[in-house]
């Protein structure tokens with residue numbers, strides 16, 4: 001949008017300069033040339049000033065965008081760290097949960113094992129008693145003297 005306006009301004013400026021030069025008294029070519037150069041220099045200085053302002057605005061915008069991106073990067077890194085901590089905590093909780101369940105099951109199995117050992121001891125005692133009774137029953141008895 002600025003380009004057509006600039007072209008129109010330069011064209012209008014050129015027409016005005018031509019009209020002024022054409023209507024003016026005839027001057028020697030060196031004076032005429034000097035005026036044209038001076039006018040062109042003034043125009044170029046204006047353009048240079050305008051371009052410098054545009055460059056300055058773009059640099060400011062660029063710096064602002066960089067700061068914004070750095071802020072986003074910081075936020076992302078913090079969020080990443082938070083997710084990492086959260087996942088590690090979740091892993092710890094899951095491991096603890098599994099470990100607790102295994103320990104509980106192990107304790108139950110140990111308790112059941114002890115009970116079974118006690119029952120085995122009782123069965124052995126009963127087996128010895130039964131063997132003893134069986135021997136008593138099956139062993140020959142001395143006959144009473146008649």
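Annotations for the structure displayed:
- Helix axis angle, 29-138 relative to the chain longest principal axis, alpha carbon, degrees: 0
- Value at 222 nm in deg cm²/dmol, rounded to 500, when DSSP H runs of n ≥ 4 in the chain each add -39,500 (n - 2.57): -34500 deg cm²/dmol
- Across every pair of non-identical alpha carbons in the chain, the mean reciprocal distance, once inverted, gives a Kirkwood radius of 27.5 Å.
- The angle separating the long axis of helix 2-23 from the principal Cα axis of greatest extent in the chain is about 10 degrees.
Every read-out reported here was derived from the displayed coordinates using simple, explicitly stated rules and does not represent laboratory data. None of these values were measured; they are calculated from a predicted model.
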